[in-house]
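Engineer: Mind looking over this structure? Questions follow.
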Amino acid sequence: MSATIIDGKAAAQDLRARIAALVPDFVTAAGRKPGLTVVLVGEDPASAVYVRSKGVATEAAGMKSDTIRLPAETTQDELLDLVRALNADDSVDGILVQLPLPKQIDENAVIAAIDPDKDVDGFHPVNAGRLATGLPGFVPCTPLGCLMMLKTQLGTLAGREAVVIGRSNIVGKPMAQLLLGESCTVTIAHSKTRDLPAVVRRADIVVAAVGRPEMVQADWIKPGATVIDVGINRIDAGEGKTRLVGDVAFDAVSQVAGAITPVPGGVGPMTIAVLLRNALVAAYRNAGVPLAPDAI
Ligand code: NAD
């Protein structure tokens with residue numbers, strides 16, 4: 001058997017088109033474009049690439065992109081002052097502080113300072129609490145993108161056995177909450193889980209968010225299961241080259257699974273599209289412009 005490949009690029013394009021279609025309504029109602037403000041502290045090259053691609057995607061959707069660049073020696077107080085100023089600015093819809101931050105700055109303090117209603121990354125403890133209690137809020141982009149792909153692929157998720165491997169605050173835990181919200185029976189596996197292959201074998205849905213190249217093996221997978229691979233790992237490809245692989249041994253697992261996301265081209269493209277979705281929703285909500293609950 002060969003699995004259906006879940007095309008994250010196509011799913012992301014579809015979502016971005018739906019976002020772009022909603023922008024003009026906001027502009028008409030609010031008299032300005034919806035926007036995303038990204039704060040980048042320091043010169044980490046990977047962060048600079050992410051921030052640039054977020055800006056390009058934001059503008060491609062017809063939204064306003066602002067990037068505030070601060071020097072690597074910025075103090076925590078200076079960054080907190082900036083966040084408070086952005087919170088107070090009604091023309092700022094969504095705020096994203098690019099992580100990681102330089103070591104003199106406490107990331108948790110900065111996340112906690114962002115207005116939860118502008119927290120388009122969904123990392124604020126208030127948004128984590130809203131997700132856990134089923135209240136509307138902002139959900140971290142990567143797991144929300146995974147959920148969207150799962151629902152497109154499978155329809156209703158109710159009653160299915162889901163195993164999430166990884167328990168980080170940005171992927172594993174919110175992913176588990178989202179699946180629980182869809183009435184799956186959810187297991188969260190992690191580095192201390194005993195007999196991980198046996199746990200994963202129960203799953204109709206496997207979400208791997210570990211950061212270990214090709215860890216999940218074909219004989220861990222129940223035939224026909226849907227496998228979402230969040231991992232992004234750069235490995236040596238010989239001759240001085242590298243390549244990207246996920247947390248799942250794609251070639252072997254795709255012979256057993258019913259559907260699987262590739263790396264690259266699976267979860268990654270959806271993450272930025274969901275960020276735009278969160279920024280647009282923040283704009284609608286904060287400007288008091290009505291948006292149908294199922295609009296996006
Ligand atoms: P993390 O390091 O914060 O968490 C990893 C989790 O894996 C931990 O909870 C740990 O308990 C678990 N773990 C570690 N070793 C394990 C083992 N041997 N068995 C079972 N569980 C184990 O990582 P993260 O931020 O959640 O990211 C996970 C992966 O997803 C990384 O490869 C990251 O690059 C990738 N990622 C991709 C996107 C995307 O847009 N595609 C977004 C975020 C993260």
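Engineer: Pull up all non-local amide H partners of Val97: gap of 5 or more, or a different chain, and H-to-H distance under 5 Å with H placed in the peptide plane.
Structural biologist: Val39
Engineer: May I pose another question? Quote the FRET efficiency, to the nearest 0.05, computed for Arg84 versus Ala29 with a Förster distance R0 of 25 Å and r equal to the Cβ-Cβ distance. Display every interim value, and only then the final one.
Structural biologist: Numbers: r = 27 Å, r/R0 = 1.10.
FRET efficiency, Arg84 to Ala29: 0.35.
Engineer: Starting from the Cα gyration tensor of the stretch 141-268, take the square roots of the eigenvalues, sort them a ≥ b ≥ c, and report rounded, prolate or oblate (rounded when a/c is under 1.5, otherwise prolate if a/b is larger than b/c, else oblate).
Structural biologist: Numbers: a/c = 1.56, a/b = 1.49, b/c = 1.05.
Prolate, because a/c is 1.5 or more and a/b exceeds b/c.
Engineer: Would you mind pulling out the separation of the Cα centroids of the stretch 47-103 and the stretch 246-296, in Å?
Structural biologist: Comparing the Cα centres of the stretch 47-103 and the stretch 246-296, I get a distance of 21 Å.
Engineer: Then there is this: In terms of modelled amide H atoms, which long-range or inter-chain residues lie less than 5 Å from the amide H of Leu70?
Structural biologist: Answer set, sorted by chain and number: Leu40, Val41, Gly42.
Engineer: Residue by residue through the stretch 45-61, which ³J(HN,Hα) values in whole Hz follow from phi under the Karplus form 6.51 cos²θ - 1.76 cosθ + 1.60 (θ = phi - 60°), with glycine and proline marked x?
Structural biologist: x, 5, 4, 4, 5, 4, 5, 4, 5, 5, x, 4, 5, 4, 5, 4, 7
Engineer: Identify which of Glu73, Glu107, Glu239 has the largest mean-square fluctuation in a Gaussian network model of the chain, with springs joining Cα atoms closer than 10 Å.
Structural biologist: Of Glu73, Glu107, Glu239, the most mobile in the Gaussian network model is Glu239.
Engineer: Another question, then. Given H placed on each backbone N at 1.01 Å, which residues far from Val216 in sequence or on other chains put an amide H within less than 5 Å of it?
Structural biologist: Those lying under 5 Å, H to H, from Val216 are Val248, Ala249.
Engineer: I'd like the carbon and sulfur percentage of the solvent accessible area for the stretch 141-268, probe radius 1.4 Å, heavy atoms only, ligands and nucleic acids excluded.
Structural biologist: 51 percent
Engineer: Running a GNM on the chain with Cα contacts under 10 Å, which residue among Ile68, Ile272, Ile205 ends up with the highest mean-square fluctuation?
Structural biologist: Among Ile68, Ile272, Ile205, the largest GNM mean-square fluctuation belongs to Ile68.
Engineer: Using a 10 Å cut-off on Cβ atoms, rank the peptides 30-36, 162-168 from the highest mean neighbour count down. Intermediate values should be presented prior to the final figure.
Structural biologist: Values: 30-36: 18.9, 162-168: 24.3.
Per-residue Cβ counts within 10 Å, averaged per peptide and sorted highest first, yield 162-168, 30-36.
Engineer: At a probe radius of 1.4 Å, what is the per-residue accessible area of Met215, in Å² to the nearest 10?
Structural biologist: For Met215, solvent-accessible area is about 40 Å².
Engineer: OK, next. Could you tell me what percent of the accessible area of the stretch 28-115 is made up of carbon and sulfur, with a 1.4 Å probe and every protein chain present?
Structural biologist: Answer for the stretch 28-115 is 53 percent, counting heavy atoms of protein chains only.
Engineer: Still on this model: Read phi for every residue in the stretch 31-43 and hand back ³J(HN,Hα) as whole Hz from Karplus 6.51 cos²θ - 1.76 cosθ + 1.60, θ = phi - 60°, with x for Gly and Pro.
Structural biologist: x, 7, 6, x, x, 10, 10, 10, 10, 10, 10, x, 10
Engineer: Something else about it: Please list, in order along the stretch 112-122, the HN-Hα scalar couplings obtained from phi with the Karplus expression 6.51 cos²θ - 1.76 cosθ + 1.60 (θ = phi - 60°), rounded to whole Hz, x for Gly and Pro.
Structural biologist: 5, 7, 6, 4, x, 7, 10, 7, 6, 7, x
Engineer: When ligands, DNA and RNA are left out and all protein chains stay put, how many square angstrom of accessible area per residue does the chain have with a 1.4 Å probe?
Structural biologist: That works out to 46 Å² per residue.
The values are calculated or read from the model by the stated rules, or taken from the named source; none is laboratory data. Everything quoted here is computed from the prediction, not taken from an experiment. Here Cβ is always computed from backbone atoms with ideal geometry, including for glycine, and neighbour counts include all displayed protein chains. Quick note on the areas: whole protein, heavy atoms, side chains included, nothing else; ligands and nucleic acids left out. Shrake-Rupley method; radii C 1.70, N 1.55, O 1.52, S 1.80 Å.
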